[in-house]
1. Any chance you could check the Cα centroid distance between region 121-182 and region 262-303 for me, in angstrom?
2. Can you list the trypsin sites (Lys or Arg not before Pro) in region 195-271 that are in a DSSP coil and have 13 or fewer other beta carbons within 10 angstrom?
3. Within the chain, what whole-number % of the accessible surface is contributed by carbon and sulfur, with the 1.4 Å probe and all protein chains included in the calculation?
4. How large is the translational diffusion coefficient of the chain in µm² per second when you combine the Kirkwood radius over alpha carbon pairs with Stokes-Einstein at 4 °C and 1.567 mPa s?
5. Sorted by accessible area with a 1.4 angstrom probe, largest first, how do His146, His25, His277, His297 fall?
6. Distance in nm between label sites at Phe205 and Leu173, each 7 Å beyond Cα in the beta-carbon direction?
7. How much accessible surface does Ile257 have with a 1.4 Å probe, in Å² rounded to 10?
8. Among Asn339, Val91, Ala250, whose Cα lies farthest out toward the positive end of the dipole of the chain, if unit charges sit on the beta carbon of Lys, Arg (+1) and Asp, Glu (-1)?
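The values are calculated or read from the model by the stated rules, or taken from the named source; none is laboratory data. The structure displayed is predicted, hence computed values, not measured ones. Cβ coordinates were reconstructed from backbone atoms using ideal geometry, including for glycine residues, and neighbour counts include every protein chain displayed. The protein model used for the area step is the full one, side chains on, heavy atoms only, and it has no ligands, DNA or RNA in it. Shrake-Rupley method; radii C 1.70, N 1.55, O 1.52, S 1.80 Å.
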Amino acid sequence: MCNWKSILLSFRCKDRNRFYEECPHRKRFLNTVLNITPILIPFIVIIPAYIFDKTEMLNFGIVGFVVALLARFVYSTGCFFLSAVFLIFSVAILCFGIVIQGEHFLYMWFAVVPGLAFLILPYTDAVGAIVTFISGVFMLIFKYHHHSVNTLLYYTINLVGFISVISLGGFILITVIDDTFRMLRESSIRDPLTRAYNRRAFMEFIKEEIARARRYRFPISLIMIDIDDFKNINDTYGHIKGDEVLKELAELIMCNIRQCDRLVRWGGEEFIVVCPHLTGDEAFKVAEKLRKLVASHDFGGVKITASFGVSEINPEESIEKAIKLADEALYEVKKSGKNGVAVFSDKGNSKFAVD
């Protein structure tokens with residue numbers, strides 16, 4: 001039996017398809033347009049063309065309708081970029097039918113292609129689609145219509161200007177939407193004070209990290225961090241100073257971990273660093289480096305220390321167990337004098353150091 005999903009996915013561009021995963025609002029808009037287009041084409045194009053005996057428009061309308069249905073099917077396979085390309089092509093086919101039918105008063109429909117292209121395609125691909133569309137329109141005009149040079153020049157300037165203005169409008173609109181989405185998404189996954197990830201974001205991305213670790217068989221570890229005697233800082237210097245210390249600590253940690261590591265504000269004065277591709281022993285060395293940095297850093301006239309608990313995640317077990325082990329390691333450091341690092345595994349304490 002032919003596996004259409006596998007065939008279509010084999011043609012996708014991974015980077016372009018990932019674009020829709022990173023911009024779910026674009027994906028949602030594409031899905032909405034795909035649901036509406038097969039309904040609109042018969043009522044706006046096919047039925048009127050049949051009633052008024054517009055043969056070319058009828059033929060192109062039927063082809064555009066079929067391509068729109070194909071775009072809907074391709075979307076269902078998970079190949080969003082190719083689906084968007086088919087959708088643009090279906091609308092372009094209708095515009096080509098307008099040119100061949102000679103319906104000059106319907107050229108206003110050409111505005112749909114550039115506007116739609118910027119809304120559902122990545123920027124560079126949208127520009128390419130618009131240029132290809134304009135080229136196709138003029139090739140058909142040269143083939144099916146014979147205008148004087150002045151008339152052709154007049155139509156060319158107006159048509160290119162019209163499409164350029166619509167394209168600019170579509171570009172500005174989607175840029176504002178994309179920027180707004182990114183800001184809202186950042187505010188939903190980041191702690192507003194420290195700019196570290198929040199718990200909600202942690203529970204989302206840790207599942208993906210564990211799935212990758214299970215698939216590609218690489219280690220992944222957690223470092224749990226707790227500021228020692230943080231209540232004394234708030235009591236002595238005030239909560240505003242305490243917030244400044246938390247913010248500066250988060251910045252210090254983020255500047256001294258790898259790009260693939262992620263800092264999470266777990267709550268209050270507690271943080272977690274997620275360390276892909278590091279075993280528990282390797283994460284221990286990272287934690288010890290961070291411990292020394294924190295102990296030697298001047299936080300605006302305040303000196304602090306922190307305790308670190310490390311655990312290696314078992315991809316076959318729940319993330320809650322790894323968090324519990326890191327928390328237990330942290331508790332042991334607190335009991336043993338603070339300002340230290342401990343590594344716990346499901347077999348017990350494997351490494352322990354207190355300054």
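1. A separation of 53 Å, based on Cα centres.
2. Arg217, Arg258
3. Accessible surface attributable to carbon and sulfur in the chain totals 61 percent.
4. Answer from the Stokes-Einstein relation: 52 µm²/s.
5. Largest to smallest exposure gives the sequence His146, His277, His297, His25.
6. The answer from the label model is 3.3 nm.
7. Looks like 30 Å² after rounding.
8. Val91
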